[in-house]
Amino acid sequence: MWRAMVRDLRAHRGRLAMTLASIVLGVAFVVSSWVLADSTAASVRATDLRSDVDVVVSGHDLTDADLADLAALPGVSAARGVLAGRAALVGADGKLVAGPHDTAGTGWDRTDRFVLTAGREPRGPGEVAAADGTELSTGDTARVFLADGRQVRATVVGTFGYRTVGSEPAPRLAYDQDSARSMFGSYHWIELTGEHIAVPPAPGRQVDTARALGEQATADAEAAAGSTRETLLAFAAVALLVGGFVIANTFAMLVTQRVRQYALLRAVGATRRQVRRAVLGEAAALGAAGATGGVLLGLALAFTALVLAQDDTEFVVSPLGILVGYAVGVGVTVVAAHACARRAATVAPVAALRTDALTPPHRTRRVRVAAGLLLVAAGVATVAATSGVDDLGTTERIVGLVGGIVAWLGVLVLAPELSAALRPVAALLTRLGGPATRLGARNALRDPRRTAATSSALLVGLALVCAFATLGETMVSMFGDTVRATVPATTTVLRPAAGDEPLGTDVLDRVRDTPGVTGAAAQRYGSATVATGGRTTVSAIEPDAFGTLLTPPLVAGTADLRTGFVVGTNEAAMLGVGLGDQVTLDFDGERVTRPVVGLHTTTEAQPLFYLDVAAAPAWLRDRTTTVYATGTDPAAVRTALDRAFAGRPDVRVTDREGVIDEDMGEFAAVLAVMYAMFGAAVVIAIFGVVNTLALSVLERRREIGVLRAVGARRRLVRRAVRVESLVICGYGGITGIVVGVGFGAVMQHVMLGRELFAISVPYLVIGVSLAGMVAVGVLAALWPARRAARTDVLVAIATR
């Protein structure tokens, strides 16, 4: 039996090429994800942390008095204050270099922090050392904007590498101590060296040992790498799921074509177990071969990604990742082929000589239909039950998402029966088209199970694309509606020019001094811990501006921030609080306790808590993230502000539509990456269509030979195969789009808390999917159609 299995693999290796490619792609995705994560984690573990620090005291606005008090503690042999602050670097193109900027500037000291790599250290005003990787070299001019809006220019006199204590961001620029003190004012942290140091607690102050910071940095980096790996493996799982459909369909067709072979084996004494093992052995061998190719391709992809990233991450070949790749490749192939192996084992020596020997019994169809309908009904009922809940809690969200997944599985189970919907389409094509159209349409419907199995791979890929496109389009629409409801059209908005970095502390005063401005307010974003929950987002703003310059829609209570918090409805439901309840926010040791006085509609685009800026911690009051301005002539105000900040590349002057376009542009980039990830699944699905058509051509070799013998031209045969491909791709594509939009509605319902069908349909993505579906149908049929058209008439007729 094993020799027979090996001969089958050798004899039919061409028929397994597309299946092998599917396994290679799926395993490559797994291995590359694993290797990238392990390489990142290994590089972090290999980072040379500082050994000249024992305790680090961090906080806001640490002074010389704090340094003197800490230096006088028992056991302290040395105490050093680290001057650091905002230094927003302007590039050669006049635009702000991407952040972070908060601690991008520091003071040079003779500690293990700095490793001089070129030139010398800064020694006085007008000199600066630049970190490696800033694209600044000796002799260049570094131009920065400080937190108070001052502009500082300095000549680069050296470059340096930087060693951290923990996970603190490395500075870009280092000035001499006197210049740094005049630029940044206070210490960002204080380093202590000694033994048995006990630092007394103080509000707003955090004390950590250097060892704890180093261990936490390593743990955080490894956790981030693990999270990245899990995310990439989720996409890999989708690719493997699609590959499973391809594998199962391939083995189903091969088993059908080998009915006589299995019959002869059974007739000469082979047992059912031996036949089943032979098919599974063939699947395992195919999986091992595909896994080998996938491992090699995955290693190559991971290495290429690290090279393109142009960082110092070391390429680490993960033995565990390779083992997982082999386990996944072989495991998925064997599991996908298991049902076909069981069917092959049931072939009787005599019954196998009939052409319908492996036609599934009606009982199996009835069970499948019943199971599919039950899954769809249960999933729809579960989602419908959550749609009637006003404020979705965590449990309701999970239940709704599970219901959507169950309904999706039900559609996959019912796929062979749903293909019956193609019969009217085939009848229409038969009436309107020529002989090639009739042949292609009928061939696609000849075996509903095969059509469904082939198209299900495409269904899954397109459904995921359309589901996330629906979620993304809904989020874009929701964000736009939120910004338009929260920011009046007459308001000019000033934002940081580089990401989430805060604006300079001078921006609000400069806006208020601008001619024509009658009202201006700053919004300050931060995060805090809720005593009854986890981390939450907080916005501190002037009470007079809340409800005028910034108008989040209230659903209950008052907008008077002087008397308490205004909380998002979803957050209030999650925390179990309502109007009048006391809530405590912990800002890293500084606590603010106030009652809930108002509730506002919550979206992902809004902070969950609004707070009077007067009650906020001092560090949050200085963290201006957005400034809103208005006047009697909004157009004149916008022009005046454009002129006032023309020389400030760290400030972007815009309006609410500009805010929407900017933020949604970043979100669209994230979606594009996600579509590219799902693209691997779609490519595997295309391999499945090609494979099915090629095997179908081989299966109908005699039929094609007869057609050619009675006068059918090669062009007609090619067109028939193309029509068959288009029908298969059309069924999978349209069903995938419908399922995807439906599942996208469920996703936005449970993730955003909106009504179930309050969705924005992604017409562009659907249009591209439909066009791609037609293109896939045509391209997938090229090789099989060419092969069918070149069938030798006499040889084909003589095959039986």
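Every number in this text was worked out from the coordinates using simple rules, so none of it is lab data. Worth saying up front: this structure is predicted, and the values here are computed from it rather than measured. Methodologically, a virtual Cβ is constructed for each residue, glycine included, from the backbone with ideal geometry; neighbour enumeration extends over all protein chains shown.
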Whole number please: convex hull volume per residue of the Cα set in segment 490-654, in Å³?
107 Å³
Taking R0 as 56 Å, what's the FRET efficiency between residue 335 and residue 661 from their Cβ-Cβ distance, rounded to 0.05?
0.75
Which one of 659, 784, 188 is farthest out on the positive end of the charge dipole of the chain, using unit charges on Cβ (Lys, Arg +1; Asp, Glu -1) and the Cα centre as origin?
784
Whole-Hz ³J(HN,Hα) for each residue in segment 453-459, computed from phi via Karplus 6.51 cos²θ - 1.76 cosθ + 1.60 with θ = phi - 60°, x for glycine and proline: what do you get?
5, 5, 6, 4, 4, 5, 4
Note, residue 337: beta-carbon cut-off 11 Å, +1 each Lys/Arg, -1 each Asp/Glu, net +2
Sum up the charges of everything whose Cβ sits under 15 Å from the Cβ of residue 514, counting Lys and Arg as +1 and Asp and Glu as -1, but leave residue 514 out.
0
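Need one word for segment 506-564: rounded, prolate or oblate. Basis is the Cα gyration tensor (sqrt eigenvalues a ≥ b ≥ c); a/c below 1.5 gives rounded, then a/b vs b/c decides.
Numbers: a/c = 3.26, a/b = 1.65, b/c = 1.97.
Oblate, because a/c is 1.5 or more while a/b does not exceed b/c.
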Give me the distance in nm between label points sitting 7 Å out from Cα along the Cα-to-Cβ direction at residue 771 and residue 273, one decimal.
5.8 nm
Placed amide H near residue 189: partners under 5 Å, 5+ positions off or other chain
82
If you take every residue apart from residue 582 with its C-beta less than 12 Å away from the C-beta of residue 582, what net charge results, scoring Lys and Arg +1 and Asp and Glu -1?
+1
Assuming a ≥ b ≥ c are the square roots of the Cα gyration tensor eigenvalues, decide whether segment 117-192 counts as rounded (a/c under 1.5), prolate (otherwise, with a/b larger than b/c) or oblate.
oblate
Compute the angle between helix 319-345 and the longest alpha-carbon principal axis of the chain, please, reported from 0 to 90 degrees and rounded to the nearest 10.
30 degrees
Projecting the Cα atoms of 249, 494, 672 onto the charge dipole of the chain, where Lys and Arg contribute +1 and Asp and Glu -1 at Cβ, the residue farthest towards the positive end is 249
Under 5 Å from the placed amide H of residue 107, counting only residues 5+ away or on other chains, we find 83, 175
Give a residue-ordered list of calculated ³J(HN,Hα) values for segment 639-653 (Karplus: 6.51 cos²θ - 1.76 cosθ + 1.60, θ = phi - 60°; whole Hz; x for Gly, Pro).
5, 5, 5, 4, 6, 5, 10, 5, x, 10, x, 8, 10, 10, 9
Charges on Cβ only, +1 for Lys and Arg, -1 for Asp and Glu, centred on the Cα centroid of the chain; of 238, 617, 334, which one is farthest towards the dipole's positive end?
334
Could you tell me what % of all Cα pairs in segment 146-288 have separations over 26 Å?
64 percent
In degrees, nearest 10, range 0 to 90: what is the angle between the Cα axis of helix 714-752 and the longest Cα principal axis of the chain?
40 degrees
Calculated from the structure, Rg and Dmax of the Cα atoms in Å equals which of (1) 28.7, 94; (2) 33.1, 104; (3) 27.6, 84?
(2)
Cα gyration tensor, segment 55-196 - rounded (a/c under 1.5), prolate or oblate:
prolate
Can you run phi through the Karplus equation (6.51, -1.76, 1.60; θ = phi - 60°) for segment 371-387 and list ³J(HN,Hα) in whole Hz, with x for Gly and Pro?
5, x, 5, 5, 5, 5, 4, 5, x, 5, 5, 5, 5, 4, 5, 7, 5
Would you compute, from DSSP H runs of 4+ residues alone, the mean residue ellipticity of the chain at 222 nm, taking -39500 (n - 2.57) per run and dividing by the full residue count, rounded to the nearest 500?
-19000 deg cm²/dmol
In cubic angstrom, how much convex hull volume per residue do the alpha carbon atoms of segment 615-737 span?
258 Å³
